[in-house]
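Trainee: What follows is a structure written as structure tokens; I'll ask about it next.
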């Protein structure tokens, strides 16, 4: 690990004021310290934002305001989250381990980086880590990498569970930075890799996540489901956050579907949602919606299983949510 | 940088390199080698300690960032000479073999028992479920045991939880 | 009995290798090769040497003096050639771990890179027949006419199974603390499975007499074979301490373990079985392709269990090895038996289906009178009893063999069975027993890597001496104690225990002291086939929408001689079965064909079972009275638990789904393919 300076910020403005090139904000550290030890992240200056007074979950109109420094475990255990956004609670509780959820912050969870094996190994090329060096994953070990929205430069996936639920909930991410405050919608915080895979998100240098705003819970039933190679404590092969509202006549009034583990960002299934609105809820329409979405999938030789897995998850989860 | 920690009830003021993890501070500087290093990346749980009463991976915690925190390690679980009920139950149920994951399992279990709330497998998230064996298995999954003592670990924890 | 060291382990007082407090300790951190094959052209340490706290840099620029015949893996910095990605090519010694690690990144190594070959395939032109397979078995055996047996068979199975590279991943990464005294004596605190073996290997590598070296290992955080013999990290600490003139600690990272501490070779196994109309085997042919590094020949004994398992008039076993530009494979729990029995017991399941016979019945029918290859009588063989007792407890009777028809909610349910076996051998050992302070002290250079050796030897000694266990103190984990073999091959308790019994008997006769060496007794023993056996039953559920497999129940019934301690034995069996579950469903190290080495090398990407994966595992045993083993009548139990588990689970997955996955692990990707 390279030597660095450390300071604890007093408040968000202080954190931003301390920002200079080479600075990184430290939340729970569960990914940043991990990456620093691997040599993937080499900040010169660490500004600790984990103890900023951004650690509250509180009602905000019809919705909920979640401070960026709220620990994942506190978010998952919060009575209002459990009652009104159970899909989000389940997503958060499905991530990592009890210990890591105690440390990890909401802001840090959003900004965690891919677990692509090449990104994490500084002895190998990676366009995300070292722009222009190449993407060995495309012809190499990509069994748990992207099938949607990837580019010839990068096939990484975003590993968060929480972000998938937030993308389905139309959450809004509040940030502050050298250029002032702004609000970024979810989905929209995370980028697709394109030819600039080094940038995971649309955040500008020095911008700090301060809160996540959850709008009023969408009507209907919701669910988060995660498929992984062991029963717990593993990243998703594919995960799904889904909300389904079916009218009395059996037609879909509204639905939200987001997938995790399939792309560089939480993947909101807009085509599937479009196909479903107004359709009669049932296995046939659910299958057609999944196919409409996954028609864009471009699986790699060793991750083709993610496409049927995603399809089955969409259909199965919607069937479970249908009345 | 100078930091002050409360470690197992004792105030410790130390000068640390910002790169030092809480785990390495405990093991290499404070002589508290009970907390183990199994992966150094939060993937095994052997380093689990309680930070301000909550279980955490000491390998991912920078020591400087813990200034002012209260740390409990496996060495501080017992009440003087009286072992913590989890320690006694682990011995009785043979909840370890090589013993290397054990301090982390114990601290994790102690933290977990104080947590409450639902887990990823709880059917009704609005309720606080009973700590069944199934719930304990999910909640303890951040602590790997390569010897395969899981069934005995679960038995020991469930017994203490009752 | 509760573990003797239990209190130390639950309070954090048990001291592991990296934890001995040593004044003035420094830290060495390795620099690893970033190519898979080629030659080092230069190593520039100037930048590293200028960094804070750095004491010295070791590399082949200035090769440390070693014995000329040093093992190529252990003889660090002697050669400029790179044999595999991740090989240790230099190391930095510094005052703190952080400084050593940071400076290691500043060492500049340049290479002349050659094309590499890291992929095992069954048609690799470099495959050859090794002289022997581990530890001393012939590479090939043949009896009868396999071709004729297959041609005459009413039913045949011709299938190829593969197992991936797997890593032991003990919870304690390999660690060593080396301290040289002023007069050139060396003390090494090492995470090892054998202190006598480690001492001898270190001394041999250095070219020192063994008595100048002492190895201490009071507790070790698991090994499963990975710490059976010393690995390069041990020598790194020794050489770095000599170069720096200070005590040096080397604690390998989890990532480094994947490169330099060994792994189970991947295997490609072709099984051809023939059976007559009644299900009697007419031929068994088991041919294996596996790999080793260019540095050493490590030939896993994968097909050897076929020589023991089933009666057949025609039996051929063959091992073929290819030397690739890969890290050296090594021992991993039940080397040979574990991957070999996975393939054989899966193929037996396929044969049972082909014949239309219950798979328990097929195995019972083909149980041999004498060892199928070689014809030696068994010292005891109770496989059939294990199968029948397991079937009874598991509720196997009346099982409908039709695959893919049992459903509970989203899950398809299936059951499977497989046999287990492991050799019951022992090696020569010494031990002493001495009356001290009104009790007995037993001394033997054994190691307790979590097997319960300390506790088992205490019980063995107490039984022999006719005193309660509290009156016996066992000292182990120090090479200054009477020399003993390493904990491996399920031979530890049998080997050490034989010497402990003899020493205790002599102490009883003498009234003060007894010393034993079992070398002659072991040489004199009858030529018998000594093996433990077992039967494993699995119940799984599979979600065919997602490919998720969960193991609802594992039951293992073992015949392993006399069980010395029930509590510890159960833990050992269950532990082995747990690792077998990992092998079945999740464990695989992926070879990086472009760069060499492995692409997954941590515990987030190399999955081992977590607590939630283990729902119910039961282990039990049948009483076995075998007088031809050792004074305890015990067979080793450390390894048999993992043998057969993966096959039982794979067979159950087939029964649940109708899908036969012949390549481990059985992941969602494979079930959805």
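Trainee: Residue under question is residue C:539, and the condition is that it be in a strand (DSSP E or B), within 14 Å of chain B (Cβ to nearest Cβ), in contact with a strand residue (DSSP E or B) (Cβ under 7 Å, 6 or more places away or on another chain) and touching a residue at least 60 places away in the same chain (Cβ under 8 Å); does it hold? Please lay out each step first, then the result.
Mentor: Values: in a strand (DSSP E or B): yes; within 14 Å of chain B (Cβ to nearest Cβ): no; in contact with a strand residue (DSSP E or B) (Cβ under 7 Å, 6 or more places away or on another chain): yes; touching a residue at least 60 places away in the same chain (Cβ under 8 Å): yes.
Criteria not met by residue C:539.
This table checks each residue for (1) part of a strand (DSSP E or B); (2) more than 14 Å from chain A (Cβ to nearest Cβ); (3) within 30 Å of residue C:36 (Cβ to Cβ); (4) in contact (Cβ under 8 Å) with a residue 60 or more places away in the chain.
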{"position": "C:596", "(1), (2), (3), (4)": "no, no, yes, yes"}
{"position": "C:609", "(1), (2), (3), (4)": "no, no, no, no"}
{"position": "C:630", "(1), (2), (3), (4)": "no, yes, no, yes"}
{"position": "C:636", "(1), (2), (3), (4)": "no, yes, no, yes"}
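Trainee: Another question, then. Any chance segment C:556-571 includes a residue that's in contact with a helix residue (DSSP H, G or I) (Cβ under 8 Å, 6 or more places away or on another chain), at pLDDT 95 or above, within 30 Å of residue C:394 (Cα to Cα) and part of a helix (DSSP H, G or I)? Walk me through it before giving the result.
Mentor: Initial filter on segment C:556-571 (in contact with a helix residue (DSSP H, G or I) (Cβ under 8 Å, 6 or more places away or on another chain)): C:556-560, C:563-565, C:568, C:571.
Right, trim to at pLDDT 95 or above and you get C:556-560, C:563-565, C:568, C:571.
With within 30 Å of residue C:394 (Cα to Cα) added as a condition, the list becomes C:556-560, C:563-565, C:568, C:571.
From the residues that got through so far, the ones that are part of a helix (DSSP H, G or I) too are C:568, C:571.
Within segment C:556-571, one or more residues are in contact with a helix residue (DSSP H, G or I) (Cβ under 8 Å, 6 or more places away or on another chain), at pLDDT 95 or above, within 30 Å of residue C:394 (Cα to Cα) and part of a helix (DSSP H, G or I).
Trainee: Now for a separate question. Within segment C:120-189, considering only strands (runs of 3 or more DSSP E) that don't extend past its boundaries, which have at least 2 residues that are within 14 Å of chain B (Cβ to nearest Cβ)?
Mentor: Numbers: elements: C:141-143, C:155-163, C:175-180.
Passing ranges, in order: C:175-180.
Trainee: Restricting to segment A:232-256, what's the tally of residues that are without any contact (Cβ under 8 Å) to a residue 12 or more places away in the chain and more than 13 Å from chain B (Cβ to nearest Cβ)?
Mentor: The number of residues fulfilling the criteria is 3.
Trainee: Right, another one. Evaluate segment A:82-104: report whether one residue or more is closer than 30 Å to residue C:52 by Cβ and crowded, with 24+ Cβ neighbours inside 10 Å. Lay out the reasoning, then the answer.
Mentor: First pass over segment A:82-104, keeping only residues closer than 30 Å to residue C:52 by Cβ: A:103.
Subset that is crowded, with 24+ Cβ neighbours inside 10 Å: A:103.
Yes: one or more hits.
Trainee: Scanning for something farther than 30 Å from residue C:227 by Cα, crowded, with 24+ Cβ neighbours inside 10 Å and in contact with a helix residue (DSSP H, G or I) (Cβ under 7 Å, 6 or more places away or on another chain), does segment C:429-437 turn up at least one residue?
Mentor: no
Trainee: In segment A:25-57, which residues are within 22 Å of residue B:38 (Cα to Cα) and either at the interface with chain B (Cβ under 9 Å from one of its Cβ atoms) or touching a strand residue (DSSP E or B) at 6+ places or on another chain (Cβ under 8 Å) (or both)? Show your work before the answer.
Mentor: Going through segment A:25-57, the residues within 22 Å of residue B:38 (Cα to Cα) turn out to be A:28-41.
Within segment A:25-57, A:28, A:29, A:30, A:31, A:32, A:33, A:34, A:36, A:37, A:38, A:41 qualify.
Trainee: Could you count how many residues in segment A:2-24 are within 12 Å of chain B (Cβ to nearest Cβ) and either surrounded by 20 or more Cβ atoms within 10 Å (Cβ to Cβ) or in contact (Cβ under 8 Å) with a residue 24 or more places away in the chain (or both)?
Mentor: Residues in segment A:2-24 being within 12 Å of chain B (Cβ to nearest Cβ) and either surrounded by 20 or more Cβ atoms within 10 Å (Cβ to Cβ) or in contact (Cβ under 8 Å) with a residue 24 or more places away in the chain (or both): 7 in total.
Trainee: In addition: Name the helices (runs of 4 or more DSSP H) wholly inside segment C:1-107 in which the number of residues that are within 27 Å of the chain's Cα centre (by Cα) and at negative phi is 2 or more.
Mentor: Values: elements: C:6-11, C:46-49, C:97-104.
Filter on segment C:1-107 gives C:6-11.
Trainee: Turning to a different aspect of this structure: So which residues in segment B:116-144 are out of contact with any helix residue (DSSP H, G or I) (no Cβ under 6 Å at 6 or more places or on another chain) and within 7 Å of another protein chain (Cβ to nearest Cβ)?
Mentor: B:118, B:144
Trainee: Only one of these is at pLDDT 95 or above, more than 12 Å from chain C (Cβ to nearest Cβ) and either in contact with a helix residue (DSSP H, G or I) (Cβ under 8 Å, 6 or more places away or on another chain) or under 18 Å from residue A:99 (Cα atoms) (or both): B:32, B:60, B:77. Name it.
Mentor: Values: B:32 fails: more than 12 Å from chain C (Cβ to nearest Cβ); B:77 fails: more than 12 Å from chain C (Cβ to nearest Cβ).
Result: B:60 is the single residue among B:32, B:60, B:77 that is at pLDDT 95 or above, more than 12 Å from chain C (Cβ to nearest Cβ) and either in contact with a helix residue (DSSP H, G or I) (Cβ under 8 Å, 6 or more places away or on another chain) or under 18 Å from residue A:99 (Cα atoms) (or both).
Trainee: While we're looking at this one, here's another question. Restricting to segment B:80-92, and then to whatever is under 18 Å from residue C:567 (Cα atoms) and facing chain C (nearest Cβ under 9 Å), can you tell me which residue is surrounded by the fewest Cβ atoms within 10 Å (Cβ to Cβ)? Break it down into steps so the answer makes sense when it comes.
Mentor: Residues of segment B:80-92 that are under 18 Å from residue C:567 (Cα atoms), as a first pass: B:87-92.
Pick out the ones that are also facing chain C (nearest Cβ under 9 Å) and you get B:87-88, B:90-92.
On the way: B:87: 27, B:88: 18, B:90: 30, B:91: 20, B:92: 15.
Among them, the one singled out is B:92.
Trainee: Do you know which residues across segment A:210-231 are in a loop (DSSP other than H, G, I, E, B) and either free of Cβ contacts under 8 Å to residues at least 24 places away in the same chain or crowded, with 24+ Cβ neighbours inside 10 Å (or both)? Don't jump to the end; show me each part of the working.
Mentor: Filtering segment A:210-231 down to residues in a loop (DSSP other than H, G, I, E, B) leaves A:215-220, A:228-231.
Selection gives A:228, A:229, A:230, A:231.
Trainee: Of everything in segment C:175-200, what is out of contact with any helix residue (DSSP H, G or I) (no Cβ under 8 Å at 6 or more places or on another chain) and surrounded by fewer than 24 Cβ atoms within 10 Å (Cβ to Cβ)? Give them in sequence order. Give the derivation first.
Mentor: Step one: filter segment C:175-200 for residues out of contact with any helix residue (DSSP H, G or I) (no Cβ under 8 Å at 6 or more places or on another chain), giving C:181-183, C:187, C:193-197.
Listed by number, the residues that qualify are C:181, C:182, C:183, C:187, C:197.
Trainee: Let me ask something additional. Only residues that are in a strand (DSSP E or B) and more than 15 Å from the chain's Cα centre (by Cα): list them for segment A:232-259, please.
Mentor: Correct list: A:243, A:244, A:245, A:246, A:251, A:252, A:253, A:254, A:255, A:256.
Trainee: Still on this structure: Given the condition within 15 Å of the chain's Cα centre (by Cα), touching a residue at least 40 places away in the same chain (Cβ under 8 Å), closer than 19 Å to residue A:49 by Cβ and more than 10 Å from chain B (Cβ to nearest Cβ), answer yes or no: does some residue in segment A:134-147 qualify?
Mentor: Applying the first criterion (within 15 Å of the chain's Cα centre (by Cα)) to segment A:134-147 yields A:145-146.
Of the ones still in play, those that are also touching a residue at least 40 places away in the same chain (Cβ under 8 Å) are A:145-146.
Now drop any that are not closer than 19 Å to residue A:49 by Cβ, which leaves none.
No, segment A:134-147 contains no residue that is within 15 Å of the chain's Cα centre (by Cα), touching a residue at least 40 places away in the same chain (Cβ under 8 Å), closer than 19 Å to residue A:49 by Cβ and more than 10 Å from chain B (Cβ to nearest Cβ).
Trainee: Of the numbered conditions (1) away from chain B (no Cβ under 14 Å); (2) surrounded by fewer than 24 Cβ atoms within 10 Å (Cβ to Cβ); (3) more than 24 Å from residue C:461 (Cα to Cα), residue C:625 satisfies every one except a single condition; which is it?
Mentor: (3)
Trainee: I'm trying to understand the selection: among the residues of segment C:392-444, which are within 26 Å of the chain's Cα centre (by Cα) and not in a strand (DSSP E or B)?
Mentor: Passing the criteria: C:424, C:425, C:426, C:427, C:428, C:429, C:444.
The values are calculated or read from the model by the stated rules, or taken from the named source; none is laboratory data. What you see is a predicted model, and the numbers here were worked out from it, not measured in a lab. Ideal geometry is used to build each Cβ from the backbone, glycine not excepted, and the neighbour counts take in all protein chains shown.
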